[in-house]
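Here the structure comes first, spelled out in structure tokens, and everything after it is commentary.
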Amino acid sequence: MRAAPTSSGTGGRALEAGGRSGGALSARMKRAARWAPLALGTGLLAWRAVGGVLAKLGHPGAALDDAYIHYQYARAFAEGHPFRYQAGEAVSTGATSFLWPVVLAPFYALGFRGEAILWPAWVLSFAALGGLAHEAFALARPLAGRAAAIGAGAMVLAFGGFAWGAASGMEVVPFAWLIAFATRRACEWAEGAEARTRRRLLELVALAALCPLMRPEGAITSVALGVVVAASPRVRALVVRGRDASRVEALAFVAAALLPQLVFLALTGRPTSSTAQVKLLPGNPYYVLHEAALANARLLVGTILDGQVWSAEFLPKGGAPLACLGLASIAWCGVQRRRGVRAALVLLLALSMFVPCIYVTFLWNRLRYLWPFATGWIVGLACLADRAGVLLSLVDRRARGLTAALVAGAFAGALAVRLDWVLEDVAQSASGIDRQQVALGRWAKANLPADARVGVNDTGAIAYFGDRRTFDVVGLTTPTEGRYWVAGAASRLEHYERLRAASPGALPTHFIVYPEWMGLEPVLGRPLHEATVTDATILGGQTMRVSEARWDHLGTGERPWTALAAIHDAVDVADLESEAAHGYELFGAREGEQTANEGNAPDGAIVLDGGRTHRSRDAFFADLPQGGELVGVARLESATTIALRVSAAGKEIARVEVPGGPWVEVTFAIPTDTRGERTALEVSADGAPFTSYHYWFGAR
């Protein structure tokens with residue numbers, strides 16, 4: 001006979017269920033307790049950084065003008081004209097990040113407009129900072145142990161470069177988190193067959209696509225993920241026609257790495273963004289790539305990592321040797337703990353900091369191009385702390401963990417003592433941007449005609465707050481202008497002459513620029529307004545001025561003041577199209593060796609012409625007709641009297657004296673036997689250099 005259930009049995013089951021519930025609650029509390037220090041530290045940092053900006057400005061504000069470029073592109077996505085900086089303008093790719101404006105666009109659409117867009121940018125950036133601290137811990141723990149790994153997480157929160165980047169509202173920290181997270185996932189794939197699932201593969205492919213979309217340098221991480229998947233295929237890999245196709249799976253990562261280039265190619269016909277075209281060494285005619293990149297690498301190690309000059313705000317002075325020892329420690333830990341793939345991936349993350357060495361300079365914007373890769377170096381310091389503990393354990397075995405914790409804590413402390421300075425700089429920089437670019441954008445909206453087209457060399461806040469069409473003279477958001485900005489002021493002047501003839505409506509009606517950056521005083525007309533800020537080093541200059549555009553003297557340098565009955569050919573020096581058509585040789589010309597001169601002809605007429613300075617030799621081709629008298633006219637300038645030698649078709653044909661002083665035009669005859677199509681001409685001088693503006697060939 002079955003016994004009836006007793007109350008004690010029911011109570012036992014209730015107690016058991018209560019025990020399970022209590023156990024789950026206890027587990028949740030333990031997890032919350034583990035995450036509490038990270039959340040508290042990140043929240044405190046965000047409160048101080050954002051609070052400092054609000055106290056300084058009274059409202060949200062970005063510490064970099066470039067942040068407003070991203071916000072303007074986010075606005076473009078939200079308004080339905082993606083990749084067009086303003087509605088009706090040409091497609092452009094001027095943001096450093098392709099993905100960051102896309103992430104912010106929904107918030108703009110929901111009403112976070114104007115200054116309010118900073119709130120989602122800050123929330124996402126500081127959330128990414130907390131996530132990055134966790135990723136540093138997770139990457140370091142298998143290499144350096146728990147104590148040192150906790151120190152790695154603390155170093156992330158203590159590092160001013162990350163705090164500045166998060167507070168700037170840029171993509172710096174979200175990108176740093178993304179590549180660190182992808183690196184950790186790749187480590188887990190390599191270290192455990194159980195992690196090699198189809199779901200994890202799809203996750204890695206998605207990360208490989210997102211990394212370069214957040215910043216182009218993320219393609220390195222994408223390729224690394226593909227290599228890891230190819231080297232450690234899934235147990236149940238894709239099978240095609242009876243064959244293991246795991247290597248084919250790895251090709252998806254190559255496609256992901258190239259995704260931004262494919263998008264750029266589809267949008268603009270070029271595989272690189274406007275930013276890359278303006279800022280990378282390969283697009284600059286004045287640098288030898290390997291020499292300039294090597295010089296940047298030396299600067300990175302010898303100055304930046306050593307906490308000097310530009311990085312003194314963020315890093316302790318003299319820290320470069322420790323940073324380099326940290327990289328060696330990653331390899332040491334990887335070998336000793338049999339974590340070779342993890343060590344290699346963390347080293348790749350750290351060494352990716354050298355990729356910006358192919359920029360003309362990485363010193364812009366508080367070194368924001370470098371800091372996303374600092375996570376690898378921080379893990380290196382954690383490994384160095386662990387190695388210090390290993391060495392001390394040879395004396396006392398109990399000292400290893402404590403030593404690692406103390407050394408890692410000392411590293412974090414050395415970074416943290418700079419945070420007050422960093423956060424004050426964030427607020428001061430945001431104030432400077434607000435009092436200059438933002439203020440001028442608001443002034444433009446209130447005072448310039450609705451159909452104004454404003455030439456700018458800082459294109460972020462003026463466009464975002466000004467609601468006026470812009471003409472970016474630097475070429476980030478006006479894609480036609482990049483090559484002329486890189487070439488120099490005279491080349492821009494010559495380009496504006498061509499633009500006026502072909503499409504006068506494309507030229508600015510006004511300028512809001514730093515006059516010294518613009519370098520073209522002759523096209524800056526009547527001043528209308530200006531904003532001067534003397535206490536913010538983030539700005540490109542103290543005074544940014546609003547001027548009417550002045551185009552009345554464009555083209556006055558196209559003809560010589562020396563009388564010629566006919567002109568058969570002309571070489572307009574510094575005009576990129578004319579130089580290309582005539583094979584003009586730069587002969588080691590350097591950046592800045594250009595001038596836009598507004599002077600007078602002998603009859604007093606105003607002449608505006610661009611030229612190249614510091615020339616000792618000019619060489620080019622010209623089409624010279626065979627029959628009749630033919631002379632060459634050269635518009636030149638020299639500080640002292642010089643003698644020029646003129647050669648045609650390899651034969652010296654004239655010696656001409658150029659008097660020192662203002663520009664002059666000199667004439668020389670060209671013999672019949674040296675003429676022809678594409679005749680090689682050379683003009684050279686010994687001693688003092690000269691400035692060349694123009695060459696004409698014609699009949700008197």
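The values are calculated or read from the model by the stated rules, or taken from the named source; none is laboratory data. Because the structure is a prediction, the values reported are computed rather than measured. Reconstructed Cβ throughout: ideal geometry from the backbone, glycine too, with neighbour counts over all protein chains shown.
Here is how the numbers come out for the structure above:
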read-out	value
Residue match in segment 105-124 (condition: under 30 Å from L384 (Cα atoms), assigned to a helix (DSSP H, G or I) and more than 21 Å from the chain's Cα centre (by Cα))	no
Scope segment 624-641; condition under 14 Å from H614 (Cβ atoms) and exposed (fewer than 12 other Cβ atoms within 10 Å of the Cβ); matching residues	A639
Meets criteria (outside the structural domain of E313 (by TED's automatic domain parsing), under 31 Å from the mean Cα position of the chain (by Cα), surrounded by fewer than 22 Cβ atoms within 10 Å (Cβ to Cβ) and without any contact (Cβ under 8 Å) to a residue 60 or more places away in the chain) for A439	no
Exclusive hit being modelled with pLDDT of 95 or more, on the phi < 0 side of the Ramachandran plot and touching a strand residue (DSSP E or B) at 6+ places or on another chain (Cβ under 6 Å), set R498, R492, R526	R526
Filtered residues of segment 321-343 (kept if surrounded by fewer than 18 Cβ atoms within 10 Å (Cβ to Cβ), among the aliphatic types (A, V, I, L, M) and out of contact with any Leu (no Cβ under 9 Å at 6 or more places or on another chain))	V335
Residue check for G583: at positive phi, in a loop (DSSP other than H, G, I, E, B) and under 43 Å from the mean Cα position of the chain (by Cα)	yes
Answer residue from segment 192-208, given it is at pLDDT below 95 and in a helix (DSSP H, G or I) and is nearest to Q261 (Cα to Cα) among those	L202
Residue pairs meeting the criteria (Cβ under 6 Å; at least 6 apart or on separate chains; first over 12 Å from F354 (Cα atoms) and assigned by TED's automatic domain parsing to the domain that holds L157, in segment 291-316; second at pLDDT 95 or above and small (G, A, S))	D306/A320; G307/G319; F314/G160; F314/G161; L315/G307; P316/G307; P316/A414
Answer residue from segment 131-156, given it is of a type in the set (A, V, I, L, M) and farther than 19 Å from A416 by Cα and is surrounded by the fewest Cβ atoms within 10 Å (Cβ to Cβ) among those	A138
Residue within segment 142-152 that is touching a Cys at 6+ places or on another chain (Cβ under 9 Å), part of a helix (DSSP H, G or I), under 18 Å from A404 (Cβ atoms) and not small (G, A, S) present	yes
First in segment 25-53 and under 20 Å from A427 (Cα atoms) and touching a residue at least 12 places away in the same chain (Cβ under 8 Å), second anywhere and assigned to a helix (DSSP H, G or I) and hydroxyl-bearing (S, T, Y), Cβ under 9 Å, 6 or more apart	A46/S125; V53/S431
Residues of segment 297-315 classified as in a helix (DSSP H, G or I), within 17 Å of F162 (Cβ to Cβ) and small (G, A, S), total	1
Among residues of segment 506-519, those that are in a helix (DSSP H, G or I) and either hydroxyl-bearing (S, T, Y) or out of contact with any strand residue (DSSP E or B) (no Cβ under 8 Å at 6 or more places or on another chain) (or both), counted	2
Boolean, T361 is assigned by TED's automatic domain parsing to the domain that holds V228, assigned to a helix (DSSP H, G or I) and over 24 Å from F181 (Cα atoms)	no
Residue in segment 45-54 that is loosely packed, with under 12 Cβ neighbours inside 10 Å and either within 29 Å of the chain's Cα centre (by Cα) or of a type in the set (V, I, T) (or both) present	yes
Subset of segment 86-104 that is more than 18 Å from the chain's Cα centre (by Cα) and outside any helix (DSSP H, G or I) - its residue that is nearest to P216 (Cα to Cα)	V91
Hits in segment 521-543 (condition: among the hydroxyl-bearing types (S, T, Y) and either farther than 16 Å from G441 by Cα or in the same structural domain as N597 (by TED's automatic domain parsing) (or both))	T534, T537
A648 vs. criteria more than 23 Å from A501 (Cα to Cα), in contact with a Lys or Arg (Cβ under 8 Å, 6 or more places away or on another chain) and buried (at least 20 other Cβ atoms within 10 Å of the Cβ)	yes
Some residue of segment 594-607 being within 20 Å of T679 (Cα to Cα) and touching a residue at least 60 places away in the same chain (Cβ under 8 Å)	no
Unmet criterion (only one of (1) surrounded by 18 or more Cβ atoms within 10 Å (Cβ to Cβ); (2) part of a helix (DSSP H, G or I)) for F354	(1)
Residues of segment 616-639 satisfying the condition of being within 20 Å of Y584 (Cβ to Cβ) and among the acidic types (D, E)	D618, D623, E637
Residue, surrounded by the most Cβ atoms within 10 Å (Cβ to Cβ), within segment 87-111, restricted to residues that are at pLDDT 95 or above and more than 28 Å from L367 (Cα to Cα)	A109
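This table checks each residue for (1) surrounded by 15 or more Cβ atoms within 10 Å (Cβ to Cβ); (2) in contact with a Pro (Cβ under 9 Å, 6 or more places away or on another chain); (3) modelled with pLDDT of 90 or more; (4) under 30 Å from G488 (Cα atoms).
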| position | (1), (2), (3), (4) |
| --- | --- |
| L210 | yes, no, yes, no |
| P216 | yes, yes, yes, yes |
| P233 | yes, no, no, no |
| D244 | no, yes, no, no |
| V248 | no, no, no, no |
| T272 | yes, yes, no, yes |
| P282 | no, no, yes, yes |
